[in-house]
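The values are calculated or read from the model by the stated rules, or taken from the named source; none is laboratory data. The structure displayed is predicted, hence computed values, not measured ones. For neighbour counting, all protein chains shown are included, and Cβ atoms are generated from backbone atoms with ideal geometry for every residue, glycine included.
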Amino acid sequence: MLGAGSVGCFVGGAWQAAGLPVSFIGRQSVADDIAAHGLSLSDQEGWKTHIPAAAVRFSTRPAALAKADIILLCTKSIGTAAAAKQIAVHAKRKPLVISFQNGISNAEVIRKILPKLSVLQGMVPYNVVRLGPGRWHRATWGELATERNSVTEKLAARIGDRPGRLQLSGDMRSVLWGKLLFNLNNAINALSGTTILAELNQRDYRRVMAAAIVETLDLLQAAGIEPARIGQVPPRLLPHAIAAPDFIFRNLFLRVQKIDPRARGSMLDDFDAGRPTEIDYLNGEVVRLAESLGRRAPVNQAIVELIKQREAGVEHIWSARDLRNYVLDGHRGATGFGY
Ligand SMILES: NC(=O)c1ccc[n+]([C@@H]2O[C@H](COP(=O)([O-])OP(=O)(O)OC[C@H]3O[C@@H](n4cnc5c(N)ncnc54)[C@H](OP(=O)(O)O)[C@@H]3O)[C@@H](O)[C@H]2O)c1
């Protein structure tokens with residue numbers, strides 16, 4: 001697991017608990033945390049496991065890549081190119097590289113730097129939160145996915161039906177765009193400054209998310225890309241389910257999707273830590289798709305601009321109503337969104 005933070009520690013720990021030999025490469029603070037407390041994992045279905053510190057192979061040095069047969073890249077997207085360069089220098093066994101990152105184009109970035117390696121795109125559907133020292137918790141639903149090939153078939157078989165199970169797909173582009181529709185909420189959540197559940201309980205935030213999804217679906221249709229269904233609701237119905245009145249949203253959507261009250265978007269963590277966000281790999285992908293089609297994506301563009309302002313130091317928590325007024329009312333005439 002290269003870039004062992006929330007995703008890397010949870011998935012790597014779950015796979016180790018399933019019997020796979022896993023090594024983690026990450027930062028000193030995470031190494032110290034696990035050395036002091038071991039690795040404790042849990043999920044919403046009541047699964048819990050603890051791996052004692054002595055059983056966790058955690059290194060802060062990329063030289064540990066030398067023995068890897070499969071490298072799961074779990075850094076934020078802004079760290080992709082640097083991590084791929086470390087793989088180029090240190091990996092010795094022609095490993096398979098799988099990006100377990102959000103966004104559409106990470107595998108492409110890695111392939112450019114590592115043209116001789118097999119690089120696959122993966123997808124992590126659920127939210128992982130760090131609950132305390134050495135503790136990571138899977139706070140939403142879904143199954144990991146990656147492309148099907150002879151190696152990933154063996155990997156999925158080794159994990160079996162245990163937590164961290166891996167689904168295989170023949171069309172990851174469609175899976176990634178299906179996931180991105182949900183990730184369009186990351187920026188809205190970060191601008192709201194609150195938990196995902198508290199944010200989604202306010203309809204005006206959901207209206208902004210629905211409009212961002214409608215805009216994306218229209219562009220995907222124009223590009224001939226069919227986003228995969230991730231979760232219970234088909235992509236075309238997603239904006240309607242999300243923008244529905246509170247009573248319907250809570251009873252239909254939230255009851256099925258089950259979001260832990262502690263789940264937080266990782267972009268909010270980026271704000272708190274003063275780090276650049278992944279916005280260029282999320283809503284920014286939609287803006288680039290629009291440009292490639294000679295079109296515009298005003299809703300997603302407005303959201304990108306607000307996140308960039310925050311990255312530049314403008315601290316502001318957007319109330320649901322203000323965000324809706326700013327992002328939608330300014331653009332509704334141009335786009336015809338009904339939300
Ligand atoms: N967290 C979630 O719930 C979730 C769910 C689905 C998908 N994702 C996606 O999964 C990816 C990882 O997210 P995350 O939340 O797990 O991020 P994270 O908690 O920030 O973990 C990444 C860790 O890797 C470290 N790192 C970066 N470059 C490294 C390198 N070259 N060598 C060693 N360590 C390195 C980072 O340190 P620095 O901070 O010092 O760079 C950080 O500690 C992102 O694309 C995210 O969007 C996250």
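Selection within the range 18-46: residues that are assigned to a loop (DSSP other than H, G, I, E, B), in contact with a strand residue (DSSP E or B) (Cβ under 8 Å, 6 or more places away or on another chain) and at pLDDT 95 or above. The member of this set that is farthest from HIS90 (Cα to Cα) is GLY38.
When you look at ARG148, is it within 26 Å of GLN232 (Cβ to Cβ), more than 11 Å from the ligand (Cβ to nearest atom) and surrounded by fewer than 18 Cβ atoms within 10 Å (Cβ to Cβ), yes or no? Don't jump to the end; show me each part of the working.
Numbers: within 26 Å of GLN232 (Cβ to Cβ): yes; more than 11 Å from the ligand (Cβ to nearest atom): yes; surrounded by fewer than 18 Cβ atoms within 10 Å (Cβ to Cβ): yes.
For ARG148, the condition - within 26 Å of GLN232 (Cβ to Cβ), more than 11 Å from the ligand (Cβ to nearest atom) and surrounded by fewer than 18 Cβ atoms within 10 Å (Cβ to Cβ) - is met.
Of note, ALA82 satisfies the criterion of being surrounded by fewer than 14 Cβ atoms within 10 Å (Cβ to Cβ) and within 23 Å of the chain's Cα centre (by Cα). When the range 233-251 is examined, which residues are found to be assigned to a loop (DSSP other than H, G, I, E, B) and either charged (D, E, K, R) or surrounded by 14 or more Cβ atoms within 10 Å (Cβ to Cβ) (or both)? Those that are assigned to a loop (DSSP other than H, G, I, E, B) and either charged (D, E, K, R) or surrounded by 14 or more Cβ atoms within 10 Å (Cβ to Cβ) (or both): VAL233, ALA244.
The residues in the range 181-231 that are buried (at least 19 other Cβ atoms within 10 Å of the Cβ), among the small types (Gly, Ala, Ser) and under 22 Å from PRO276 (Cβ atoms) can be counted, and the count is 4. Of all residues in the range 112-123, those being assigned to a loop (DSSP other than H, G, I, E, B) and within 16 Å of GLY79 (Cβ to Cβ) number 1.
Look through LEU254, LEU306, LEU268, LEU289 and report the one residue that is away from the ligand (no atom under 16 Å from the Cβ), within 22 Å of GLY142 (Cα to Cα) and in a helix (DSSP H, G or I).
Values: LEU306 fails: within 22 Å of GLY142 (Cα to Cα); LEU268 fails: away from the ligand (no atom under 16 Å from the Cβ); LEU289 fails: within 22 Å of GLY142 (Cα to Cα).
It is LEU254.
Of the residues in the range 313-333, how many are modelled with pLDDT of 95 or more, small (Gly, Ala, Ser) and not in a helix (DSSP H, G or I)? Residues that pass the stated criteria total 1.
Close Cβ contacts (under 6 Å, 6 or more residues apart or on different chains) running from residues in the range 70-81 that are within 22 Å of PHE271 (Cα to Cα) and assigned to a loop (DSSP other than H, G, I, E, B) to residues that are at pLDDT 95 or above and β-branched (Val, Ile, Thr) comprise CYS74/VAL7. If I filter the range 24-40 down to residues being more than 10 Å from GLY134 (Cα to Cα) and crowded, with 21+ Cβ neighbours inside 10 Å, which single residue comes out as farthest from the ligand (Cβ to nearest atom)? Residue satisfying both the conditions and the ranking: PHE24.
So in the range 5-23, with the set limited to residues that are under 14 Å from the mean Cα position of the chain (by Cα) and over 17 Å from ALA145 (Cβ atoms), which one is farthest from the ligand (Cβ to nearest atom)?
SER6
ARG295 meets each of the listed conditions (1) within 25 Å of SER77 (Cβ to Cβ); (2) part of a helix (DSSP H, G or I) apart from (2).
Filtering VAL129, VAL109 for residues that are surrounded by 18 or more Cβ atoms within 10 Å (Cβ to Cβ), touching a helix residue (DSSP H, G or I) at 6+ places or on another chain (Cβ under 9 Å) and in a strand (DSSP E or B) leaves a single hit, VAL129. Scanning the range 132-176 for residues being in a loop (DSSP other than H, G, I, E, B) and without any contact (Cβ under 8 Å) to a residue 12 or more places away in the chain gives a total of 1. Report whether or not ALA212 is modelled with pLDDT of 95 or more and closer than 21 Å to GLY5 by Cα. In short, no. Would a scan of the range 177-187 turn up a residue that is in contact with a helix residue (DSSP H, G or I) (Cβ under 8 Å, 6 or more places away or on another chain), assigned to a helix (DSSP H, G or I) and more than 19 Å from GLY142 (Cα to Cα)? Within the range 177-187 (the criterion being in contact with a helix residue (DSSP H, G or I) (Cβ under 8 Å, 6 or more places away or on another chain), assigned to a helix (DSSP H, G or I) and more than 19 Å from GLY142 (Cα to Cα)), the answer is yes, since at least one residue qualifies.
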